[in-house]
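No lab work stands behind these numbers, since they all come straight from the coordinates. Since we're looking at a predicted model, the values are computed, not measured. Here the Cβ is made from the backbone with ideal geometry for all residues, glycine too, and neighbour counts use every protein chain on show.
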Amino acid sequence: MKVILRNPRKEIEVDGKRRVKELLVELDILPSTVLVIRGNELLTGDTVVGGDDVLEVRPVMSGGNAGTP
Amino acid sequence: MKCRKCGRAAALELRRHNAAFCSPHFLEFFRKQVAEAVHRHHMFTRDEKIMMAVSGGKDSLALWDVLIEDGYQTAGLYLDLGIFDYSKESKAKCEAFAASRGQTLHIERVAEAVGAPIPVVQQATRRPTCSACGLSKRYLMNRAALQHGYPVVATGHNLDDEAATLFGSVMHWQMDALPRQSPALASTHPKLVRRVKPLYRLSELETAAFAFLRGIDYIVEECPFAKGATSIAHKEVLNRLEEASPGSKHNFLFGFLEKARPAFEKVESVELHECTSCGQVTTGAICAFCKLADLVKRRTST
């Protein structure tokens, strides 16, 4: 499957099937800091992904300012 | 994973609530949390016009969406910081959002008010970028609301933002900042509008999920100056705690608001004046914003 990372944008290929939460552990990403998106759906940690899936791992953290997040 | 309310496939797991929701029930949960915040802190009424400060990011556009859908009278305020392509893109997102919902969007350019865009301000003053940016935003939000006749400004600060700010204030025991940390800041002077944070009960993950599920086109890229910011480091520490013990951020912030803040509130007693230069409210003779603009003017004219 293809995994698209953001900030900075990077695309990686991951072989085999696994649960989303296992994929995030492999990528060293905390689950509460990203949305995992497949097409127009959000995936929970127990969803099995792989094969032809294209996933976007979108960070949710914003900050650095004190005015208007 | 199943939705707690209907048993269908869940779209989002909320570990701090020990729950998961499908898309429709998550949207319902989110809107209820905003309504609870507005009600609990008497943030605004349906008769008031609300100025919604928007950055083009997930939080402020998600909140604006909730307020519009709930029938509140709103208009947006976008502060153009002049940060290269980042500002161009975020402004375009706000304009498209406002146009698609038939809402007014006021635009203020920091470069006009301070004398230079944020990147030049940073070079000229050698202050941390986020410090000058935050100061400019607070000043311009209040000024714009007064000019256009809005009694209240709503911002998209979420639970993670508030917990990280509190963490930073406690780390340095900033006794002046602690009493001001609140989901709703009252007007303490005729020239100060109220400031409210209706998303303070919702996490960053939740606001991002709401924006995605509502199809809101927000800017995902981070401000180029946010990298290395102290507030980001504080968020990362709190995220590690949250991972080990879900609910930590909530307990930290809500415990402060309910148990500790009243004690700090008694400490604060400041006299407010009108700045002799611009007329906005300050604790001294000249406000911090006018001092910043003066410094930028002197440093950029040489």
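Compute the Cα gyration tensor for the stretch B:74-147, then decide on rounded, prolate or oblate, letting a ≥ b ≥ c be the square roots of its eigenvalues: rounded whenever a/c is under 1.5, prolate when a/b is larger than b/c in the other cases, and oblate in all that remain.
Values: a/c = 2.81, a/b = 1.62, b/c = 1.74.
Because a/c hits 1.5 or more and a/b fails to exceed b/c, the stretch B:74-147 counts as oblate.
Need one value for B:219-227: mean number of C-beta atoms belonging to other chains within 10 Å of its residues' C-beta atoms.
4
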For the stretch B:222-302: rounded, prolate or oblate by the Cα gyration tensor [a/c cutoff 1.5]: oblate
Neighbour-count ranking [beta-carbon atoms within 10 angstrom, fewest first] of B:Thr230, A:Thr33, B:Thr276: B:Thr276, B:Thr230, A:Thr33
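Taking 0.36 nm per intervening residue step and subtracting the Cα-Cα distance, what contour gain separates B:Ile107 from B:Ala244 on full extension?
Values: separation 137, 0.36 × 137 = 49.32 nm, distance 4.21 nm.
Extra length from B:Ile107 to B:Ala244 when fully extended: 45.1 nm.
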Other-chain or far-sequence residues with amide H under 5 Å of B:Ser277's (modelled H): B:Cys287
Among B:Met141, B:Phe252, B:Cys290 the positive-end extreme of the charge dipole of chain B (Cβ point charges): B:Phe252
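Restricting attention to the stretch B:247-302, which GluC sites (Glu not before Pro) occupy a DSSP loop and are surrounded by at most 16 other Cβ atoms within 10 Å? Numbers along the way, then the final one.
Numbers: sites: B:Glu258, B:Glu265, B:Glu268, B:Glu271, B:Glu274; in loops: B:Glu268, B:Glu271.
Listed in order of number, the matching sites are B:Glu268, B:Glu271.
When you count, for each residue, the other Cβ atoms within 10 Å and take the mean per peptide, how do B:155-162, B:116-123 rank with the highest first? Walk me through the numbers before you get to the answer.
On the way: B:155-162: 27.0, B:116-123: 19.6.
By packing density, highest mean first, the sequence is B:155-162, B:116-123.
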Modelled FRET efficiency - R0 35 Å, B:Ser100 with B:Glu48, Cβ distances, 0.05 increments: 0.90
Chain A - mean residue ellipticity at 222 nm from DSSP helices (-39,500 (n - 2.57) per run, n ≥ 4, rounded to 500): -2500 deg cm²/dmol
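What shape does the stretch B:69-215 take by its C-alpha gyration tensor, where a ≥ b ≥ c are the square roots of the eigenvalues and a/c under 1.5 counts as rounded, a/b above b/c as prolate, and the rest as oblate? Let's see the in-between values first.
Values: a/c = 1.28, a/b = 1.07, b/c = 1.20.
Verdict is rounded for the stretch B:69-215.
Could you work out how much longer the chain between B:Lys2 and B:Phe84 gets when fully extended? Use 0.36 nm per residue separation minus the Cα distance between them, nm to one decimal. Before the final figure, lay out each step's value.
Working: separation 82, 0.36 × 82 = 29.52 nm, distance 4.37 nm.
Going from the current span to full extension adds 25.2 nm.
In peptide B:230-239, what is the residue-averaged number of other protein chain Cβ atoms found within 10 Å of each Cβ?
Working: counts 2, 6, 4, 1, 1, 5, 3, 0, 0, 5.
Average neighbour count from other chains, rounded to a whole number: 3.
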Inter-chain shielding of A:53-62 (mean C-beta neighbours from other protein chains, 10 Å cut-off): 6
Label-to-label distance, nm, for residues given as B:Glu221 and B:Ala263 (7 Å Cα→Cβ offset): 4.6 nm
Whole-Hz ³J(HN,Hα) from phi, Karplus 6.51 cos²θ - 1.76 cosθ + 1.60, for the stretch B:240-254, glycine and proline x: 5, 4, 4, 5, 6, 9, x, x, 4, 5, 4, 5, 4, 6, 5
Within a Gaussian network of chain B (alpha carbon springs, distance under 10 Å), most fluctuating of B:Ala229, B:Ala35, B:Ala184: B:Ala229
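Based on the Kirkwood radius over alpha-carbon pairs, what value in µm²/s does the Stokes-Einstein equation return for the translational diffusion coefficient of the protein assembly as shown at 20 °C and 1.002 mPa s? Mind showing how you got there, number by number?
On the way: Rh = 21.6 Å.
Taking Rh from Cα pairs, D becomes 99 µm²/s.
Please work out the FRET efficiency for the pair B:His148 and A:Asp46, using the Cβ-Cβ distance as r and a Förster radius of 51 Å; give the result to the nearest 0.05.
Details: r = 48 Å, r/R0 = 0.95.
That pair, B:His148 with A:Asp46, gives E of 0.60.
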Helix-only mean residue ellipticity at 222 nm for chain B, each DSSP H run of n ≥ 4 adding -39500 (n - 2.57), per residue, nearest 500: -15000 deg cm²/dmol
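Quick one: order B:Trp64, B:Trp173 by neighbouring beta-carbon count within 10 Å, fewest to most. Spell out each step's value before the answer.
Working: B:Trp64 27, B:Trp173 8.
With the sparsest Cβ surroundings first, the list reads B:Trp173, B:Trp64.
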Trypsin sites (Lys or Arg not before Pro) lying in DSSP loop within the stretch B:164-228, provided at most 11 other Cβ fall within 10 Å: B:Lys227
5 angstrom amide H check on B:Met52, placed H, neighbours 5+ away: B:Ala75, B:Gly76, B:Leu77, B:Ala154
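Could you work out the relative contact order of chain B? I mean the mean sequence separation of Cα pairs under 8 Å and 6+ apart, divided by the number of residues, in percent.
Values: 458 pairs, mean separation 61.2, N = 302.
After rounding, I find 20 percent.
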Amide H contacts under 5 Å for B:Arg8, placed H, 5+ residues apart: B:Cys3
Whole-Hz ³J(HN,Hα) from phi, Karplus 6.51 cos²θ - 1.76 cosθ + 1.60, for the stretch B:103-109, glycine and proline x: 9, 6, 10, 7, 10, 10, 9
